[in-house]
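The values are calculated or read from the model by the stated rules, or taken from the named source; none is laboratory data. As the structure is a computational prediction, the values presented were derived from the model and not from experiment. Every residue, glycine as well, gets a Cβ built from its backbone with ideal geometry; the counts of neighbours run over all protein chains shown. Heads up: the accessible areas ignore ligands, DNA and RNA and are worked out on the full protein's heavy atoms, side chains in. Shrake-Rupley method; radii C 1.70, N 1.55, O 1.52, S 1.80 Å.
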Amino acid sequence: MQLVDARGMRCPWPALRLARAMRETADVLLLADDPRAAGEVAALAAEHGWRVAEDGADRWRVRRD
């Protein structure tokens, strides 16, 4: 699992960092505190067919099969 710490970054940066990490690995833990991040992560995951599980406040576990 790769950790992507995007706290303090405004969208779209958390989603862009997530997309870059998902090119390298199939399992990412994203930390992002921008309130818009949840919607952007969900949209990006839906577009690529990734599974997303909220792992606490401001944390998402993103996986691809």
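Here are some notes:
- Residue selection: ARG63 fails the criterion of being at pLDDT 95 or above, basic (Lys, Arg) and open to solvent by 90 Å² or more (accessible area, probe 1.4 Å).
- Pairs linking a residue in region 42-65 that is in a helix (DSSP H, G or I) to a residue that is modelled with pLDDT under 95, with Cβ atoms under 6 Å and 6 or more positions apart or on different chains, do not occur.
- Of all residues in region 19-43, those satisfying the criterion of being within 12 Å of ASP5 (Cα to Cα) and of a type in the set (A, V, I, L, M, F, W, C) are ALA21, VAL28, LEU29, LEU30, LEU31, ALA32.
- Of all residues assigned to region 30-40, at least one qualifies as being of a type outside the set (Asp, Glu), exposed (fewer than 15 other Cβ atoms within 10 Å of the Cβ) and without any contact (Cβ under 8 Å) to a residue 24 or more places away in the chain.
- Odd one out for ASP55 among (1) open to solvent by less than 50 Å² (accessible area, probe 1.4 Å); (2) acidic (Asp, Glu); (3) in contact with a strand residue (DSSP E or B) (Cβ under 6 Å, 6 or more places away or on another chain): (1)
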